[in-house]
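Just below is one structure, and these are the notes that go with it.
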Amino acid sequence: MTSSTSLVPIKTSKDLRLLRQDWRNPVGLVPTMGALHEGHLQLIRHAAHYAEEVVVSIFVNPTQFAANEDLESYPKSLASDIEMAQLAGATQIFAPNVTDLYPNGFSTYVVPSGPLVERWEGRSRPHFFRGVCTVVCKLFQIIQPTFAIFGQKDFQQLQVVRQMVSDLDFQIEIQAFPTVREEDGLAMSSRNSYLDSEERKVAPLLYKTLQQAAAIIQNKPKQNLEVLSQTLTSQLNAAPQIKIDYLSFVDAESLQPVSQFNGNVCLMVAAFVGNTRLIDNLLIQT
Ligand code: AMP
């Protein structure tokens, strides 16, 4: 459903709950932190294919940021986000304030544990998945979507949310959407706007290296992936501005490191390009 008038964002969970009573299922949810780019818009278009109501949440969630991270400087563009989301098919924008989702006295968090969160983003950003699971759980409770769409760009987040939905018995279908990239291969991200022109030039090297790894494995599926990951890490660290946080071949279900190709591997990378931390991944499957 499209209309010529601009969507008015829903600002409180109370208002959303009231409006929700009149929405017909299926209701699709696309959770975002705003600063929308083409990657987000493709998720919204996808949701609009399947749902009469497409809710885009725009909320920079403070509980998933550590004190030394970019909460304060995270890009914000609510007015243009609303316009872009609406053009892509959003029928509702939920843009609550921090105090609406986290009022004074808030003290209950959803804290994932176990092998899915022990490594990678979970190790580098120990607060991160607690914040993500808490806010996603709250959005699910408030909006009660039929399905929610998450990008494969944040592959570990997608798996952690799937696990939470299963563990906590949410009757919500989780859909994964493939990573949307710039023409030179760089995964689209709101944080790409932090890159200066030199950093922007080297950043596509991350994806090029993932592709190179996939080609190597296709040619020589039996080689040791730990050795290969070390070689690729050194290669990337030798590039100007790039500092690898982790680069690892993991089983695409369990996210545990693998040393042999098993037909369903994800190569995950996190790196600083200058001061900007970027993540990317590539599924390598037979
Ligand atoms: P964010 O606003 O960065 O929290 O992202 C909101 C949602 O959009 C998450 O499910 C992300 O995985 C997804 N997303 C972000 N960037 C991309 C991209 N380049 N391609 C596909 N999905 C993305």
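When the GluC sites (Glu not before Pro) in region 1-66 are filtered for DSSP coil states and for at most 10 other beta-carbon atoms within 10 Å of their beta-carbon, no site remains. Plainly put, region 128-231 has a radius of gyration that is 1.07 times its Kirkwood radius, both from alpha-carbon atoms, as the Rg/Rh ratio.
Cα extents for region 190-285 along the principal axes, largest to smallest and rounded to whole angstrom: 39, 24, 17.
Among residues other than THR99 with Cβ under 14 Å from its Cβ, the summed charge is +2 (Lys and Arg +1, Asp and Glu -1). Ordering PRO115, VAL161, ASN104 by the projection of their Cα atoms onto the charge dipole of the chain, which places +1 on the Cβ of Lys and Arg and -1 on the Cβ of Asp and Glu, puts PRO115 at the extreme positive end. Three principal axis extents of the chain based on alpha-carbon atoms, in descending order, are 57, 41, 39 Å.
Taking only the C-alpha atoms of region 45-155, Rg followed by Dmax gives 15.2, 40 Å.
Roll a 1.4 angstrom probe over the protein heavy atoms and tell me the percent of accessible area of the chain that is carbon or sulfur.
Working: 6910 of 13750 Å².
Its accessible area is 50 percent carbon and sulfur atoms.
Placing unit charges on the Cβ atoms of the charged side chains and taking the dipole of region 190-285 about its Cα centre, the candidate lying farthest along the positive direction among GLN235, SER259, LEU282 is GLN235. With K and R counted +1 and D and E -1, the other residues having a Cβ less than 11 Å from that of HIS40 yield a net charge of 0.
Report, in debye and to the nearest 20, how large the dipole of region 177-236 comes out about its Cα centre when Lys and Arg carry +1 and Asp and Glu carry -1 on their Cβ. Please list the in-between numbers first.
Numbers: 7 positive and 7 negative charges, 57 e Å.
Dipole size: approximately 280 debye.
For region 186-286, what is the relative contact order in percent, using Cα pairs closer than 8 Å and at least 6 residues apart in sequence? Reported relative contact order: 28 percent.
On a straight-distance basis, which lysines could pair with LYS201 in a cross-link, Cα separation under 19 angstrom, same-chain partners fewer than 8 positions away excluded? Straight-distance partners of LYS201: LYS243. Once the Cα-Cα distance is subtracted from the 0.36 nm per residue extended length, the SER259 to GLN235 segment shows a gain of 6.7 nm. The stretch between LYS201 and LEU18 holds 61.1 nm of extra length on full extension. This uses 0.36 nm per residue minus the Cα-Cα distance. Let me check I've understood the local charge: for GLN156, count other residues with C-beta under 10 angstrom from its C-beta, Lys and Arg +1, Asp and Glu -1. What total comes out? Here the charged neighbours net out to -1. Only lysines eight or more places from LYS11 in sequence, or on another chain, were considered; those with a Cα closer than 25 Å are LYS76, LYS138.
Shape call for region 26-103 from the C-alpha gyration tensor, a ≥ b ≥ c root eigenvalues: rounded (a/c under 1.5), prolate (a/b greater than b/c) or oblate?
Values: a/c = 2.26, a/b = 1.74, b/c = 1.30.
Prolate.
Rounded to the nearest 20 debye, the dipole size of region 104-217 about its Cα centre is 180 debye, using +1 on the Cβ of Lys and Arg and -1 on the Cβ of Asp and Glu. Taking θ as phi - 60° and the Karplus parameters 6.51, -1.76 and 1.60, the scalar couplings of region 92-98 work out to 9, 10, 10, 10, x, 7, 4 Hz in sequence order, x denoting glycine and proline.
The values are calculated or read from the model by the stated rules, or taken from the named source; none is laboratory data. Worth saying up front: this structure is predicted, and the values here are computed from it rather than measured. Heads up, the Cβs are rebuilt from the backbone with ideal geometry, glycines too, and the neighbour counts pull from every protein chain shown. In case anyone asks, the SASA skips ligands and DNA or RNA and just uses the protein heavy atoms, side chains included. Shrake-Rupley method; radii C 1.70, N 1.55, O 1.52, S 1.80 Å.
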